[in-house]
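Visitor: Let me begin by handing over the structure; questions about it come next.
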Protein chains: 2
Amino acid sequence: MREGVEWAAHCCINLSWVAPEKAVTAARLAAFYELPTAYLNKQLNALGRAGIVSSQSGPRGGFRLGRGPDQISLMDVAAAIDGSAQAFLCTGIRHRGPAGELAVPEEHRTRCTVARAFSLADLAWRRQLAARTVADLAAEVRRANPAASDYVRHWFDRN
Amino acid sequence: MREGVEWAAHCCINLSWVAPEKAVTAARLAAFYELPTAYLNKQLNALGRAGIVSSQSGPRGGFRLGRGPDQISLMDVAAAIDGSAQAFLCTGIRHRGPAGELAVPEEHRTRCTVARAFSLADLAWRRQLAARTVADLAAEVRRANPAASDYVRHWFDRN
């Protein structure tokens, strides 16, 4: 998984704390974590294509959340940055060579047992991530550190 | 995830069907799916290091399952081939730059919220795979195609 997933998730949490009308530049979002701006900008554009952030050009331009933080799941963020392919790679070897000559009755043709088992695991992974929103994560950060949201808001206000 | 995971899982199912005393060469296991022998041999050696298969050298040498197929989970196979690192890459950006200057009271120091959410998803993925054994998969293949186990056993007997 690309490191951009971590970056994007933290940026979404931060954007949930700045005033909704305020657009934050990629440079400023990057500076908060000392990240390379150009590379973070790519991630932010990927979030934009997924509707997770909206971008605005011009002197007061930048990024803001594209919908409420309770409407953005960690799965949305991961898929926007990393794609939605599953981890397991099935190349269909069971159809090759002598294995492929094993006649399977038409009515019993199924998806590969191994691929299906990995798909179920992948589904469990996605369900967990789909159930956690940016709003949940932001609330959890605040429980651990109640000062976090004000600190972030003020830091981005000094822009 | 490496394509070797697919290869290894199918080879384990096949080995569960050949007579327990019979060792099967990497070349023969590879030929069943027209796989490159040298590369499959690497995967089989990785399975060997994890105790999933045992290998025997000599003219009647080869691989056999290292323990019962009901004692080998798909998680064991995936970890042997692909390692046990989780998908999410946490580089600890929250400790860097202005973000890192946000003082967190000692008693509230927690693992990163984002990393923890991905860990829980990873755990759900592992649990699913740990609950599926080679014996389960072999039984499922036979339900779809009752001839599969005999076909495999006979094919590997003609060695």
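Visitor: Is it the case that region B:94-115 has a residue that's touching a His at 6+ places or on another chain (Cβ under 9 Å), surrounded by 15 or more Cβ atoms within 10 Å (Cβ to Cβ), among the basic types (Lys, Arg) and within 11 Å of another protein chain (Cβ to nearest Cβ)?
Guide: Yes: region B:94-115 contains one or more residues that are touching a His at 6+ places or on another chain (Cβ under 9 Å), surrounded by 15 or more Cβ atoms within 10 Å (Cβ to Cβ), among the basic types (Lys, Arg) and within 11 Å of another protein chain (Cβ to nearest Cβ).
Visitor: Among the residues of region B:8-40, what is the count of those that are under 28 Å from B:Trp125 (Cβ atoms) and either free of Cβ contacts under 8 Å to residues at least 60 places away in the same chain or more than 12 Å from the chain's Cα centre (by Cα) (or both)?
Guide: Final tally of qualifying residues: 11.
Visitor: How many of the residues making up region A:132-159 are in contact with a Lys or Arg (Cβ under 7 Å, 6 or more places away or on another chain) and either assigned to a loop (DSSP other than H, G, I, E, B) or at the interface with chain B (Cβ under 7 Å from one of its Cβ atoms) (or both)?
Guide: 2
Visitor: Taking the stated definitions as given, is B:Leu129 at the interface with chain A (Cβ under 7 Å from one of its Cβ atoms), within 18 Å of the chain's Cα centre (by Cα), part of a helix (DSSP H, G or I) and farther than 30 Å from A:Val141 by Cβ?
Guide: Yes: the conditions hold for B:Leu129.
Visitor: Separate question: For region B:45-70, how many residues are farther than 14 Å from B:Ile13 by Cβ and of a type outside the set (Gly, Ala, Ser)?
Guide: 6
Visitor: Oh, and also: Where in region A:1-112 are there helices (runs of 4 or more DSSP H), lying wholly inside it, with at least 2 residues that are touching a Leu at 6+ places or on another chain (Cβ under 9 Å)?
Guide: A:4-17, A:26-33, A:37-49, A:74-82
Visitor: Out of (1) within 30 Å of B:Glu3 (Cβ to Cβ); (2) within 18 Å of the chain's Cα centre (by Cα), what's the single condition that is false for A:Ala117?
Guide: That leaves (2) as the condition not met.
Visitor: Being in contact (Cβ under 8 Å) with a residue 24 or more places away in the chain, of a type outside the set (Asp, Glu), out of contact with any Phe, Trp or Tyr (no Cβ under 8 Å at 6 or more places or on another chain) and more than 29 Å from B:Arg116 (Cβ to Cβ) narrows it down to one of A:Arg60, A:Arg64, so name that one.
Guide: Answer to the selection: A:Arg60.
Visitor: Of the numbered conditions (1) at the interface with chain A (Cβ under 9 Å from one of its Cβ atoms); (2) within 21 Å of B:Arg132 (Cβ to Cβ); (3) in contact (Cβ under 8 Å) with a residue 40 or more places away in the chain, B:Glu3 satisfies every one except a single condition; which is it?
Guide: Failing condition for B:Glu3: (3).
Visitor: Which count do you get for residues in region A:28-71 that are touching a Ser or Thr at 6+ places or on another chain (Cβ under 6 Å) and either more than 19 Å from A:Trp155 (Cα to Cα) or loosely packed, with under 15 Cβ neighbours inside 10 Å (or both)?
Guide: Total satisfying the criteria: 4.
Taken together, the values in this text are just the output of simple stated rules run on the coordinates, not laboratory data. Note that this is a predicted model, so its numbers are computed, not measured. Neighbour counts run over all protein chains shown; Cβ positions are idealised from the backbone, glycine included.
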